[in-house]
Amino acid sequence: MQRVPWWAVVSATCAPIFAVGGWTVAAGRQPGGFDSVTHTISALAARGATDRWIMTAGLAGLGCCHVLTSLGLRPAARPGRLVLLVGGVATVLVAAFPQPVVGSSTAHVWAAATGFVSLSVWPALAWRRAATLAATILLLGIVGWFAAELFGEGGLIGLSERFAVGSQALCPLVAVLLARRRLPANEVDSRIPASAG
């Protein structure tokens, strides 16, 4: 069974730092305060936001971390790793296509939707275990909460989005740390066969 390289541990560790650090520092730079409970992360990187480069760098860094982690998470099945990689690329595209001052960007919305779905479903495709299926269900549930707040114009849009992004940023770190441990022979058999991944 292949081991996870040290650089994948670094990238997985940096992912939540880019996410939480980005939205925390960027929110602090907004004049007159910024309500993280009611405003989205994208608002911090939108055109017209003060020091929008901070959140843009945070999103780009987060996406790059997911891409690197997907390349290094060798014990996982290939389909899960590819979907994690797609989620990382989509996150970079979210940074590359910021929301305009007025209205919304179709490219931004599609990149964000692709990222949210990919970063929720990849664990279930990486391993055939109840825990990974439960993780996917939990992540999809949190993303569903965010979608309900967003489309229902609820008052917790920012909070729900931060829960979703934060959970999705931590999930690869947990996977990498667990994969770094040697699995007993009976657990190796529960993985998706090497021919599928």
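The values are calculated or read from the model by the stated rules, or taken from the named source; none is laboratory data. On a predicted model such as this, the values are computed, not experimentally measured, just so you know. Positions of Cβ are generated from backbone atoms using ideal geometry, with glycine treated the same way; all protein chains shown enter the neighbour counts. Quick note on the areas: whole protein, heavy atoms, side chains included, nothing else; ligands and nucleic acids left out. Shrake-Rupley method; radii C 1.70, N 1.55, O 1.52, S 1.80 Å.
Quick notes
- Pick from the stretch 157-192, criterion open to solvent by 70 Å² or more (accessible area, probe 1.4 Å) and not in a helix (DSSP H, G or I), ranking: modelled with the highest pLDDT: Arg181
- Checking Thr40, Thr69 one by one, the residue that is among the hydroxyl-bearing types (Ser, Thr, Tyr) and in contact with an Asp or Glu (Cβ under 6 Å, 6 or more places away or on another chain) is Thr40 and no other.
- Residues that are open to solvent by less than 40 Å² (accessible area, probe 1.4 Å) and not in a helix (DSSP H, G or I) within the stretch 102-112 comprise just one, Ser105.
- In the stretch 118-131, the residue that is nearest to Leu85 (Cα to Cα) out of those that are touching a Ser or Thr at 6+ places or on another chain (Cβ under 7 Å) and not in a helix (DSSP H, G or I) is Arg128.
For (1) over 25 Å from Gly155 (Cβ atoms); (2) in contact with a Phe, Trp or Tyr (Cβ under 9 Å, 6 or more places away or on another chain); (3) among the charged types (D, E, K, R), each residue gets a yes or a no:
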position: Arg3; (1), (2), (3): yes, no, yes
position: Ser11; (1), (2), (3): yes, no, no
position: Gly28; (1), (2), (3): no, yes, no
position: Ser42; (1), (2), (3): no, no, no
position: Arg47; (1), (2), (3): no, no, yes
position: Met55; (1), (2), (3): no, yes, no
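- Filtered residue count, the stretch 104-121, keeping only those that are within 18 Å of Leu44 (Cα to Cα) and of a type in the set (S, T, N, Q): 3
- Checked against (1) part of a helix (DSSP H, G or I); (2) more than 13 Å from the chain's Cα centre (by Cα), Gly115 passes all but a single condition, namely (2).
- If the condition is being in contact (Cβ under 8 Å) with a residue 24 or more places away in the chain and closer than 22 Å to Ile137 by Cα, then the stretch 90-117 contributes Ala90, Thr91, Ala112, Thr114, Gly115, Phe116, Val117.
- Filter pass, Asp35 being farther than 19 Å from Glu161 by Cβ, in contact (Cβ under 8 Å) with a residue 12 or more places away in the chain and of a type in the set (Asp, Glu): no
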